[in-house]
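Below: one structure, written as structure tokens.
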């Protein structure tokens, strides 16, 4: 029998609930609820990032809707008994959303996704279009496996670092993540926040927000390997979607070129470009980002 546990808490002065549902494979999937109304899934990036990187977005959406922020499988407290290719894969991630919807007695929902979360939301939408009423994607990742995409993303990121920063990033990247000292963990996090941010002159609070999305590297690696195994591609399925699709992206995002690619697959999508922000417009351009987001959710 499926077991659902509800924990009531206060976040930013707003009554919320934190829930856990006993999933099909015996593991618990934890998710957070904000507000009331039409359900909106908020899917964070990575893969393998802590969901709290998107909590500000969930709180804002929760002012009008019921925002559902999952701690994705292999992150936070949503941990299977072991992290392996049997438990961390796209099929399991898709079924997790189905189980959350079933737990909340939801038949349809809007979906917001950032970066990997945009890929995740899109993958769910093409598999279960009858359960998705609209897609809002921010800084979307790739919608098909392409080695050149990955090379371009890396080069774009490195171009945002100084020569000294690139050297240090490469030094740290050559080490196993479990060998990083606490100081090195902070250093690599700062470097990643730097190449994902347009304006770093007032970086402290922006970096603090970005670094709420602490990465689980094992989950990241396992899910990345699964996407390669299944030769991940949504290009043909996306063309068949008959729901509103909105993309909000920044011109200075290292992943910005992927939005141009996405437009090839979904020419009917509405695309909004923001200037002078990187991969996290909710932190760099909130005064422009949130009106676009809420307008898109109203479509």
Contacts under 6 angstrom Cβ, first residue in the range 229-254 being touching a residue at least 24 places away in the same chain (Cβ under 8 Å), partner loosely packed, with under 13 Cβ neighbours inside 10 Å and part of a strand (DSSP E or B), 6 or more apart: 251/273
statement: Within the range 216-255, residues under 24 Å from residue 191 (Cα atoms), modelled with pLDDT of 95 or more and assigned to a loop (DSSP other than H, G, I, E, B) come out as 251, 252, 253, 254, 255
- line: Given the conditions (1) closer than 30 Å to residue 79 by Cβ; (2) touching a helix residue (DSSP H, G or I) at 6+ places or on another chain (Cβ under 9 Å), every one holds for residue 250 apart from (1)
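For the range 261-299, which positions are surrounded by fewer than 15 Cβ atoms within 10 Å (Cβ to Cβ), part of a helix (DSSP H, G or I) and at pLDDT below 95?
Step one: of the range 261-299, the residues surrounded by fewer than 15 Cβ atoms within 10 Å (Cβ to Cβ) are 263-264, 267-268, 273, 275-276, 287, 291, 295, 298-299.
Pick out the ones that are also part of a helix (DSSP H, G or I) and you get 263-264, 287, 291, 295.
263, 264, listed by residue number.
Residue-by-condition table, conditions (1) part of a strand (DSSP E or B); (2) surrounded by fewer than 20 Cβ atoms within 10 Å (Cβ to Cβ); (3) within 10 Å of the chain's Cα centre (by Cα); (4) free of Cβ contacts under 8 Å to residues at least 24 places away in the same chain:
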site	(1), (2), (3), (4)
26	no, yes, no, no
29	yes, no, no, no
41	yes, no, no, no
55	no, no, no, no
59	no, no, no, no
63	no, yes, no, no
67	yes, no, no, no
message: Tally up the residues in the range 158-215 that are more than 21 Å from residue 74 (Cα to Cα) and part of a loop (DSSP other than H, G, I, E, B), please.
response: 14
query: Does the range 134-153 contain any residue that is in a strand (DSSP E or B), surrounded by fewer than 21 Cβ atoms within 10 Å (Cβ to Cβ) and touching a strand residue (DSSP E or B) at 6+ places or on another chain (Cβ under 9 Å)?
result: yes
query: Does any residue of the range 100-111 turn out to be over 17 Å from the mean Cα position of the chain (by Cα), surrounded by fewer than 22 Cβ atoms within 10 Å (Cβ to Cβ) and farther than 21 Å from residue 34 by Cβ?
result: no
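Between 53, 72, 20, 14, which is in contact with a strand residue (DSSP E or B) (Cβ under 7 Å, 6 or more places away or on another chain) and at pLDDT 95 or above?
Working: 53 fails: in contact with a strand residue (DSSP E or B) (Cβ under 7 Å, 6 or more places away or on another chain); 20 fails: at pLDDT 95 or above; 14 fails: at pLDDT 95 or above.
After ruling out the rest, the residue left standing is 72.
Kindly provide the set of residues from the range 86-106 that are assigned to a loop (DSSP other than H, G, I, E, B) and either out of contact with any helix residue (DSSP H, G or I) (no Cβ under 7 Å at 6 or more places or on another chain) or modelled with pLDDT under 95 (or both), ordered by number. Don't jump to the end; show me each part of the working.
Restricting attention to the range 86-106, the residues satisfying the condition of being assigned to a loop (DSSP other than H, G, I, E, B) are 86-89, 104-106.
Correct list: 86, 87, 104, 105, 106.
Would you be able to tell me the number of residues in the range 222-234 that are surrounded by fewer than 15 Cβ atoms within 10 Å (Cβ to Cβ) and touching a strand residue (DSSP E or B) at 6+ places or on another chain (Cβ under 9 Å)? Before the answer, list the steps.
Within the range 222-234, the first condition is being surrounded by fewer than 15 Cβ atoms within 10 Å (Cβ to Cβ), and the residues that meet it are 225, 228-231.
Still in the running and touching a strand residue (DSSP E or B) at 6+ places or on another chain (Cβ under 9 Å): 231.
Residues in the range 222-234 being surrounded by fewer than 15 Cβ atoms within 10 Å (Cβ to Cβ) and touching a strand residue (DSSP E or B) at 6+ places or on another chain (Cβ under 9 Å): 1 in total.
The values are calculated or read from the model by the stated rules, or taken from the named source; none is laboratory data. On a predicted model such as this, the values are computed, not experimentally measured, just so you know. Neighbour counts are summed over all protein chains in view; Cβ atoms, including those assigned to glycine, are modelled from backbone coordinates with ideal geometry.
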